[in-house]
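A short write-up of the structure that comes next.
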Amino acid sequence: MATEQGKGMGSGRQITDVIGRTLWICDRHALRLEWVMAEVKSLLPLSAKAFENLAPAEVAYMDQFATRFSKLQDAMGAKLFPQVLDLVGEQGALNTFIDKLNRLEKIGAIDNAAQWPLFRELHNAFAHDYPEDSELNAETLNRALPLVSELLTVYRNIRDFALRYGAALPSTWFQ
């Protein structure tokens, strides 16, 4: 299997294999996030009181919602974005993450680089668990629903972009 090397990932075939594995992982997170989003949609918006009175299964759904959002956002930012830049030969000397986002926007892989800090802010809000602050937790979950839809759209767009440029999903790896 291919390994990531230094600034690039090696040959074109290695790059498409690496991106294929990343897409497969992101697809799993996206599918599970879509499923749990359908489960929690009817519970939102939440008040602090409603948050305190969630049934155990509803709390589990909220946890899954936060976890899958964070995992998808992490995989996209840490792996998929740099891999797509490598795929199209645009990695260059992009030293900061915002430079990478701006380049992805410029080449049409993402629509709006300014969205990403909002996703990261929500990721960070999910990472800091304050069980005693029902109001903050309810507010975070209420903010999340539209951002989750936006994150899924960003993922679908960059996924389609990568596939157009030769990334291939691993159809037989896990059989």
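Pairs of Lys residues in the chain that lie 8 or more places apart, or on two chains, and have C-alpha atoms under 25 angstrom apart add up to 10. When the P(r) is computed for the range 32-175, the part past 20 Å accounts for 52% of the Cα-Cα pairs. Amide H to amide H, with H built 1.01 Å from N, Ile110 comes under 5 Å of Glu105, counting only residues 5 or more places away or on other chains. In a simple Cβ point-charge model (Lys, Arg +1; Asp, Glu -1; nothing else charged), the range 1-130 has a dipole of about 260 debye relative to its Cα centre. Across the range 107-175, the convex hull enclosing all Cα atoms gives 121 Å³ per residue.
Per residue, the chain exposes 53 Å² of solvent-accessible protein surface, assessed with a 1.4 angstrom probe and all protein chains in place.
Whole-Hz Karplus values for the range 44-49 come out as 9, x, 9, 8, 4, 5 Hz, taken residue by residue from phi with 6.51 cos²θ - 1.76 cosθ + 1.60 and θ = phi - 60°; glycine and proline positions read x.
Each Lys or Arg adds one and each Asp or Glu takes one away; over the other residues whose Cβ falls under 14 Å from the Cβ of Asn102, this sums to -1.
Using only Cα atoms and rounding to the nearest 10 degrees, what angle (0 to 90) does helix 56-75 make with the longest principal axis of the chain? That helix lies at roughly 20 degrees to the long axis. Of the residues Ser134, Thr22, Asn53, the one whose Cα sits farthest toward the positive end of the charge dipole of the chain, with +1 on the Cβ of Lys and Arg and -1 on the Cβ of Asp and Glu, is Thr22.
The values are calculated or read from the model by the stated rules, or taken from the named source; none is laboratory data. Everything quoted here is computed from the prediction, not taken from an experiment. For neighbour counting, all protein chains shown are included, and Cβ atoms are generated from backbone atoms with ideal geometry for every residue, glycine included. Ligands, DNA and RNA are excluded from the accessible area calculation, which covers all protein heavy atoms including side chains. Shrake-Rupley method; radii C 1.70, N 1.55, O 1.52, S 1.80 Å.
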